[in-house]
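Peer 1: I have a structure here, written as structure tokens, and I will follow up with some questions on it.
Bear in mind these aren't lab numbers, they're just calculated from the coordinates by the rules spelled out. Just so we're clear, the structure is a prediction, and the values are computed from it rather than from any experiment. Don't worry about glycine lacking a Cβ; one is built from the backbone with ideal geometry, like all the others, and counts go over all protein chains shown.
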Amino acid sequence: MSLELIRIRCLRNISEAEISPHPCINLIIGKNGSGKTSLLEGIYLLGRGRSFRSRRLETLIQRGSDSLDVFGIATYREGTCRIGLRKTGKGTEVHINGEKVLKLSKLVKTTAVHVITPNSHELLERGSELRRRFLEWGVFHVEPAYRQAAHRYHRALSQRNAALKKDHTLVSSWNAELVEWGEKLNGFRESYFLALRERFLLEAGVFFDTGDLDLVWKRGWPPGRELPDILKDNQINDIKQGFTRYGPHRADLSVRKGGDTVSQRTSRGEQKLAVICLVLAQTEAILRHSGNRPVLLIDDLNAELDQENRIKMMSRCRNSDYQVFITATGWKLPAEHSADKVFHVEHGVITETGV
Ligand SMILES: Nc1ncnc2c1ncn2[C@@H]1O[C@H](COP(=O)(O)OP(=O)(O)OP(=O)(O)O)[C@@H](O)[C@H]1O
Ligand SMILES: [Mg+2]
């Protein structure tokens, strides 16, 4: 997919904006507080139905307005698609080609929007849930049966956890279902992980000395053991703790360098690079599976990378089949690394300027 038109109304400080982005590299320049991240938020909203910086979408609605709108015309190999999203105090409404979409997953499947922000390193620093969700997002795109397996597994897990707290006699009755869906879930995750790891090491080779760098997946229960045995052997401990301690819900993904997790022994800049490589690997894995061009948003590239890596990133974007939106407060790269279109943002007003 690539967006050929984006229209925004009442999103943060952007009252009205309409832009026709380039299918390849778009640069968005403006001072602090001008509205650059808000524009990226609008694009992300179109692709994912949520924001990458606020949990509560109401905060995106411009002060003094009671709704916001984002509209986009997306081009696919098969043709074009019109996507509209309206957020009011009451909820979110999405239309694709004029038809109301009831499930946001339909929107997310249709579009493939990825984001790299100055807070991206949190993916490695924070708890495992964020990383599980990151991997799951990729699996969801490449494996149609994943959604159901995840739903059934989490249902069985919450029933077993309820039994652990209230009625111990019922605990083992949930084991079979937990194992059936847990193993399916894990199988999908592991095969996606292998593709992601291969791609991650390729991406990382551009930015790092990858000699001792690796991407590691822990499935949530000890290697060499079967899930049914683990559940049986740990039942008494699970009852004491009041929750199921092993299973795919405890899985984790880590970037390791020389055996240590990257968040323990590396600089903030290296952590950021590692996350950028993870996002690029995920973007590529989904692209290879769906054949659908992704949209990549890079917020504040200058804060993310030094000049040498910025140039590498520009070449990486240039050699890819992505539509890219990069924001920056200023831009000083050699002419051969220039963008295809440049937009200037000032007090929420977006204008296209010469490259
Ligand atoms: N709901 C809202 N209504 C109106 N204005 C808002 C709302 N939420 C945030 N703003 C304002 O929107 C402006 C643009 O914010 P944004 O984060 O997009 O700027 P930016 O160009 O990315 O800045 P920076 O370079 O500092 O990252 C800010 O001045 C902010 O105070
Ligand atoms: Mg910003």
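Peer 1: I need to check one value: relative contact order of region 62-122, counting alpha carbon pairs closer than 8 Å and at least 6 residues apart, in percent.
Peer 2: Values: 64 pairs, mean separation 12.0, N = 61.
That works out to 20 percent.
Peer 1: Let me ask something else. Can you give the net charge of the other residues whose Cβ lies under 13 Å from the Cβ of PRO23, counting K and R as +1 and D and E as -1? Please report the intermediate quantities before stating the final value.
Peer 2: Numbers: positive: ARG77, ARG293, ARG318, LYS341; negative: GLU4, ASP321, ASP340.
Its environment carries a net charge of +1.
Peer 1: With θ set to phi - 60° and the Karplus curve 6.51 cos²θ - 1.76 cosθ + 1.60, what are the ³J(HN,Hα) couplings of region 348-354 in order, to the nearest whole Hz, using x for Gly and Pro?
Peer 2: For region 348-354, the Karplus curve yields x, 9, 10, 10, 7, 10, x Hz.
Peer 1: Next question, about the same structure. What distance in nm separates the two pseudo spin-label positions at LYS109 and HIS154, each 7 Å out from Cα along the beta-carbon direction?
Peer 2: Roughly 1.7 nm, to one decimal.
Peer 1: Further question on the same structure: Counting Lys and Arg as +1 and Asp and Glu as -1, what is the net charge of the other residues whose Cβ lies under 10 Å from the Cβ of SER38?
Peer 2: On the way: positive: ARG12, LYS36, ARG53; negative: GLU41.
After counting each charged neighbour, the total is +2.
Peer 1: Next question, about the same structure. Relative contact order for the chain: what percent, with Cα pairs under 8 Å and sequence separation of 6 or more? Intermediate values should be presented prior to the final figure.
Peer 2: Details: 624 pairs, mean separation 95.7, N = 355.
The normalised contact order for the chain reaches 27 percent.
Peer 1: Okay, next question. If we sort 225-236, 250-261 on the protection proxy, mean other Cβ atoms within 10 Å, highest first, what's the order?
Peer 2: Per-residue mean Cβ counts within 10 Å order the peptides as 250-261, 225-236.
Peer 1: Right, here's the next one. So what J values fall out for region 31-47 if you push phi through Karplus, 6.51 cos²θ - 1.76 cosθ + 1.60 with θ = phi - 60°, rounded to Hz, Gly and Pro as x?
Peer 2: Running phi through 6.51 cos²θ - 1.76 cosθ + 1.60 with θ = phi - 60° gives 5, 4, x, 7, x, 5, 5, 4, 4, 4, 4, x, 5, 5, 4, 5, x Hz.
Peer 1: Multiply the residue gap between ASP229 and GLU352 by 0.36 nm, knock off their C-alpha separation, and tell me the result in nm, one decimal place.
Peer 2: On the way: separation 123, 0.36 × 123 = 44.28 nm, distance 6.19 nm.
Fully extending the segment from ASP229 to GLU352 adds 38.1 nm.
Peer 1: Suppose each label sits 7 Å from its Cα in the direction of the beta carbon; what would the ASP252-GLN307 distance come out to in nanometres?
Peer 2: With each label placed 7 Å out from Cα toward Cβ, I get 3.9 nm.
Peer 1: For a quick check: with amide H placed at 1.01 Å from N, whose amide H comes under 5 Å from ILE116's, ignoring anything fewer than 5 positions away on the same chain?
Peer 2: Answer set, sorted by chain and number: LEU297, ILE298, ASP299.
Peer 1: Taking 8 Å as the Cα distance limit and 6 or more residues as the minimum spacing, I'd like the relative contact order of region 126-272 as a percentage.
Peer 2: 28 percent
Peer 1: Helix 128-142 sits at what angle to the longest principal axis of the chain, using alpha carbons and giving 0 to 90 degrees rounded to 10?
Peer 2: With rounding to tens, the tilt is 70 degrees.
Peer 1: Per-residue HN-Hα couplings for region 284-291, Karplus 6.51 cos²θ - 1.76 cosθ + 1.60 at θ = phi - 60°, whole Hz, x for Gly and Pro?
Peer 2: 5, 4, 6, 4, 5, 7, 8, x
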